[in-house]
1. Which whole-number percent is the relative contact order of the chain (Cα, under 8 Å, 6+ apart)?
2. Please work out the Cα center distance from the stretch 109-168 to the stretch 1-67, rounded to the nearest Å.
3. How high is the relative contact order of the stretch 178-335, in percent, counting Cα pairs under 8 Å that sit 6 or more residues apart?
4. Tell me the net charge near ASP65. Cut-off is 11 Å between Cβ atoms, ASP65 excluded, with +1 for each Lys or Arg and -1 for each Asp or Glu.
5. Given a 1.4 Å probe, how much area per residue of the stretch 255-339 is accessible, in Å²?
6. Relative contact order for the stretch 132-223 using alpha-carbon pairs under 8 Å, separation at least 6, rounded to a whole percent?
7. Ranked by accessible surface with a 1.4 Å probe, highest first, in what order do SER26, SER31 come?
8. Please give the helix 166-176 orientation as an angle from the longest Cα principal axis of the chain, in degrees from 0 to 90, rounded to the nearest 10.
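The values are calculated or read from the model by the stated rules, or taken from the named source; none is laboratory data. Computed from a prediction, not measured in an experiment: that's the story for all the values here. Quick reminder, even Gly has a Cβ in these numbers, built from the backbone with ideal geometry, and neighbours come from all protein chains shown. To get the accessible areas, we keep the full protein, side chains included, count just its heavy atoms, and leave off ligands, DNA and RNA. Shrake-Rupley method; radii C 1.70, N 1.55, O 1.52, S 1.80 Å.
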Amino acid sequence: MLVLGIETSCDETAAAVLEGGRRVRSDVVASQVLVHAQYGGVVPEVASRQHLATVVPVIRSAVSDAGVGFGDLDGIAVTCGPGLVGALLVGVETAKALGYAIGRPVVGVNHLAGHLAAVFIEHASMSATPPYPHVALLVSGGHTVLFYVAKPNQVRQLGATRDDAAGEAFDKVAKLLGLGYPGGVQIDRLAATGDARAVKLPRALPGRDDLDFSFSGLKTAAATQLAAGAVPQGQGLADFCASFQAAVVDVLIRKSRRAVEREKLPHLVVCGGVAANRGLRTGLQVAADEDGFALYIPPPRYCTDNAVMIAAAGSALLASGARASLSLTVDPGLSLSWS
Ligand code: KG4
Ligand code: ZN
């Protein structure tokens, strides 16, 4: 089965062709980062216009890179939420028009289900894939959630952030440090040469026994420290990044360990843009070795937004007979729960 995935929920216009639900035939991502960087964050209206300009060329590249024609596709999977409403609409309307034109089924995919499916995408250094059920930590720019994953596209939420998402905290603190947008990856880079004990920052563990998160207090603490003096430079900047990253990572690891233990499921998947963070990846591997659970994290390319993961989640939906009608629409606040 050859499935075309289309992703336009935020600031990447992406299309990919996936074979058999896991073999990547093509993977095209047109990032809008440089356009939004001048505003210090994603401007929704600008994102929609950029998607409109690039979605067709990106799809054409994905199909031609895969060495196939539109007639060879068996179906189309498109992100229908959550995300920016105008951005999502560009992908969904394009997918429906294309599906109608080539006479192939379309399915709407929850972006979060896409992130959860990323761990099944085949790649060179892949070892094992997780069995079902498993526990998953989804950490991105908009979400920080722990899930019990029963089957593809069937999940139950175990806990979530009560305020900011982890990626949002990374981006906001990076902005205060003058690192530009998006800042998560810059903090990751600088943290590598910093001392994580240099700056004292809080670890918020709301409800010690539940699986929720809170990052707004940490963000405020970081902002207060920075407001008290000049923005650090050189080694001071690296130390601040390392300290902040450790504060986020510590909490993510503690709650993930608790979820694995509480659910008695020794298989943890970690996905979403923040799963690309090296501090988190290393720290989780140490925790997995100590506690004896298996850890599954996609390579960084499939942690951040891409269309391969949408095609992966969509392949499972198409295989189960799901079909969207021409009235498929977008839901910017779409949640993920038992379906
Ligand atoms: O999953 P994603 O690409 O988009 C959303 O669905 O939100 O996640 C983007 C988020 C941004 O906040 C970005 O700063 C963060 O992931 N991110 C990172 C790293 N790479 C991306 N955060 C920390 N370290 C990284 N290496
Ligand atoms: Zn995402």
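1. On the way: 771 pairs, mean separation 85.7, N = 339.
Reported as a whole number, the value is 25 percent.
2. 20
3. Working: 166 pairs, mean separation 34.7, N = 158.
Relative contact order of the stretch 178-335: 22 percent.
4. Numbers: positive: ARG25, ARG60; negative: ASP27.
Here the count lands on +1.
5. Details: 3730 Å² over 85 residues.
I get 44 Å² per residue for this part.
6. Numbers: 146 pairs, mean separation 23.2, N = 92.
Relative contact order for the stretch 132-223 comes out at 25 percent.
7. The ranking, largest first, comes out as SER31, SER26.
8. In the chain, helix 166-176 runs at an angle near 60 degrees to the longest axis.
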